[in-house]
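One structure is given here, and the rest of the page talks about it.
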Amino acid sequence: MLQKYLFYPPLMALCLVLCLLLTPLQAQELSITLLNGDCDGDNEVTLSDFGILVAAFGSVPGDPNWDPRADLDGDLEVTLYDFSILQRNFGAIGAEPFDPALPRQPAPASGYAVSGLIELQDWEGAPLPVQLEALCEGDSQQVVYTPTQALSTGQPFTMFLPRSGEWKFYVKVPYFGLAVKTRFNRIYSPGDPIRIIAKHPADGETFADPSLGLDGPATVLLWVVPVDYDDVTIAGGSPRLQFPTNRERSGHLQYEWRLITGRGTLIPLGIPPFFLYHGALFNPAGLPPDQNEEEVRVLCTIKDMNPDISRRDPDKSEEIRFVMVRRPTLHIRVEAYPEPESGTPIASSHDTPVYIRFIATARRSPLWSLRDSDVQWQTPWGSFNGLQVVTGPIPRDEVHRRFEFSATAKFRYEPVPPLQPDAQDDTRRASHVLGFRVTDYDEQIDPSRGARGDEPSNWFDNRPGHWGSLIPRFNDTDNAGRPIVYFASEPFEELKSANPLAYLDITGRFGEQPFHEQYRGRIYLFESRLLYGTYKDSPQRNLALTASWLDLVAVTIMHEFSHRDRFIESWGGFSDRDIVEGVWSPPGEPNWKFKNRNLDSDLDLLSNQFERTYNKKYHCHFDDRYSVWKWWAGYVSYGRDWFGDDEIIATLWGEWGDGSPSYLIGQLDTQDWSVGGRQDFIQNIR
């Protein structure tokens, strides 16, 4: 697991920062613990506060010398505990408030979301009122925003701001707590323009016109599938962090449909449930008697209405062209069988055969017939005749891919004499995904990279067409040729409190034979955390933002490998030889022993001798259990101010810290053959 730390000087409060998605925007979590000890409310811990505490020492409510300002922990008694709080923070000075001359304005009702919790150090009493103000330093208009609701310590809150940027927050409680200013420097920008990855109909597709006297509806469904990638930068820190693009949710996009040419009317539709496209219906008015076809041109304009104005893209327009014709037309589609609700065809599983059903429909008048035998299919699994045909079982080892298929129909014109019979052929070609279900077991059972008997999910497979064959470093091996990446359905019992996405097992603790050399350095992926769609009732359900499934697995793997590589670079490796030479245990010790306080008094996985020897080089100490995490994050302070990011950085952006990420969210979109993946929406109907 990645643990990442930030240090604030002693005169400021310890600040815990996490990133959660609370709205269609990305939110930041403002979790702050204010330093305690300011009895007189002057924003300093001085002799004046010490005098107040001495005068009230030993008192409880009702005593002559009782002074509630001296009760620093809120337990209704002035004791040595209160003295220890004051002593710990003696001499500290809180932050100055924002310029009182600046205009104050209530925070907006939507926009860039900041959520969190504000607490007072060592406070056990009733909640205290909180003063919170936000100022964006980069704004030409300096406006201080305040929350619209009253805030109290220990109570969660959400506050919206007009946009992302280099925000500074001022936090204060009456008495006790020293005021703090803390920064959020996450800056969003539009990034790449909005792009369309799929649309319907395909350019030039033909549809029978109602002037033919259709025996069914004449409407034509139009839809587009857009994606919007925004950039994010963490500015003002050391080092500066530049992250890859972040795919936005589509709820903030608005669609305008306009008919450019063609006879008829256009009816915009809302977003259909459970789909990622937005559509419209075209109702053709019918061709005039002297015209056999007409091109229809429709313009769809997509507007980015993100409440966070800093990440809005320019409008994106997409033109859809199709042709209304005075003749019957064939239309084809494909689906899984006998499970049509899944839509996308898949390969057979190890115990259930799966078939593919090809379906032909026609737009025609009653005078044009289409016999079952007059539809001829060409598919990768053979040639067939019929309006609906079902293949044999799709082999379990079928490569997941986009497959081509086509159908030709012979329409027969059978008018009332003396009109002469006629025939009209129409051919359609299309492609579709042969995918795999992310949540199912593999078509071929292969537990070789499972952990503790778990069977890996389908996405864990490294055969062609599965994610394992696409994700960088998924199939890396160690010096002995053993895989590095392993699967587990749930975080191991010892890790459940941390609830990680993945875990780099330095010591081999979770191997089949715990702590043996061959199990050290494994990276475990936990399915329950990595499947974005499974966060139904979890407060963490939106950690993945829009980097669902493939992106989430990919960035997590790259994230863990970054730490594995850095560990090997500095410590040499995971073998007994590395350990015996003084990396984890004193020289001469045959093997490193987990939880051996004689060797590792703070149980941080670094031996006491190592921490004494390399104290300055790696910023570690034998009495600081977080040394190894601080070293990994480049945290150079010996203080105890730290926080764990619960894999947030991996979840959102993948690689971090060096400005050269090895995985960009969205880069595998066009290679994703999973059901519901991006390829699933790109129909390429011709």
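Ligands, DNA and RNA aside, H563 has an accessible area near 0 Å² when probed at 1.4 Å. Pair-distance distribution P(r) for the range 55-112, from all Cα-Cα distances in 10 Å bins starting at 0: 19, 28, 18, 23, 12, 0 percent. Percent of Cα-Cα pairs per 10 Å bin, from 0 to the last occupied bin, for the range 69-188, please list those. That works out to 12, 40, 29, 15, 3, in percent per bin. Given a Förster distance of 22 Å, report the FRET efficiency between H350 and T477 from their Cβ-Cβ distance, rounded to the nearest 0.05. The value I calculate is 0.25.
Using the Karplus relation 6.51 cos²θ - 1.76 cosθ + 1.60 with θ = phi - 60°, the per-residue 3J(HN,Hα) values for the range 358-365 come to 9, 10, 10, 10, 9, 9, 7, 9 Hz, with x marking Gly and Pro. Between the amide H of V143 and those of C136, distances stay under 5 Å, these residues lying 5 or more places away or on another chain, with hydrogens modeled in the peptide plane. What whole-number distance in Å separates the alpha-carbon centres of the range 376-444 and the range 160-204? Each part's Cα centre sits 47 Å from the other's. For K410, the aspartates and glutamates whose Cα falls under 16 Å of its own Cα, not counting residues fewer than eight places away in the same chain, are D372, D374, D422, D425, D426. Considering only I471, N458, P417, the residue lying farthest towards the positive end of the dipole of the range 393-498 is P417, judged by Cα position with unit charges set on Cβ. The slack in the chain from F384 to E124, taken as 0.36 nm per residue of separation less the alpha-carbon distance, amounts to 86.0 nm. Comparing P395, W368, T379 along the charge dipole axis of the range 359-403, the residue lying farthest to the positive side is W368, per the Cβ-charge model. So, taking all protein chains as they sit and a 1.4 Å probe, how much accessible area belongs to F160, in Å² rounded to tens? For F160, solvent-accessible area is about 50 Å². Between the amide H of G450 and those of F487, distances stay under 5 Å, these residues lying 5 or more places away or on another chain, with hydrogens modeled in the peptide plane.
Ratio of Rg to Rh for the range 109-153: 1.05 [Cα atoms; Kirkwood radius as inverse mean 1/r over pairs].
Extension gain, L419 to E569, is 45.4 nm, computed as 0.36 nm per intervening residue step minus the present C-alpha separation. Divide the volume of the convex hull around the Cα atoms of the range 258-340 by the residue count and you get 145 Å³ per residue.
On full extension, the segment bounded by E318 and R258 gains 20.5 nm, given 0.36 nm per residue less the C-alpha separation.
Against the criterion of solvent-accessible heavy-atom surface with a 1.4 angstrom probe, Y255, Y524, Y441 sort, most first, into Y441, Y255, Y524.
Remark: the range 370-484 carries a charge dipole of roughly 200 debye about the Cα centre, counting +1 on each Lys and Arg Cβ and -1 on each Asp and Glu Cβ. For E77, the accessible area of its heavy atoms, probed at 1.4 Å with every protein chain present, is near 80 square angstrom. The orientation-averaged projected area of the convex hull spanned by the Cα atoms of the range 28-79 comes to 4.3 nm². In terms of accessible area, using a 1.4 Å probe and ignoring ligands and nucleic acids, S140, S84 rank largest first as S140, S84. Put simply, the Cα atoms of the range 372-419 extend 57, 18, 11 Å along their principal axes, the longest span coming first.
Note on exposure: T427, T148, T265, T379 ranked by accessible area (1.4 Å probe, complete protein assembly) read T148, T265, T427, T379, with the most exposed listed first. In this calculation the C-beta distance from E295 to D440 is compared with R0 = 35 Å, giving a FRET efficiency of 0.20.
Converting the Cα gyration tensor eigenvalues of the range 364-513 into ellipsoid dimensions via √(5λ) gives semi-axes, longest first, of 55, 14, 12 Å.
Its Cα gyration tensor gives the range 144-215 an equivalent ellipsoid. The semi-axes, each the square root of 5 times an eigenvalue, are 56, 18, 9 Å from largest down. For the pair K496 and R612, label points projected 7 Å from Cα toward Cβ lie 4.0 nm apart. In this entry, the range 325-383 is assigned a mean projected area of 5.6 nm², taken as a quarter of its C-alpha convex hull surface. Note that the range 670-678 has calculated 3J(HN,Hα) couplings of 7, 10, 8, 9, 6, 5, x, x, 4 Hz, one per residue in order, obtained from phi through the Karplus relation 6.51 cos²θ - 1.76 cosθ + 1.60 (θ = phi - 60°); glycine and proline are x.
The values are calculated or read from the model by the stated rules, or taken from the named source; none is laboratory data. Owing to the predicted nature of the structure, the values given are computational and were not obtained by experimental measurement. We place every Cβ from the backbone using ideal geometry, glycine too, and count neighbours over all the protein chains shown. When the accessible area is computed, the model is the full protein with side chains, heavy atoms only, and any ligands, DNA or RNA have been set aside. Shrake-Rupley method; radii C 1.70, N 1.55, O 1.52, S 1.80 Å.
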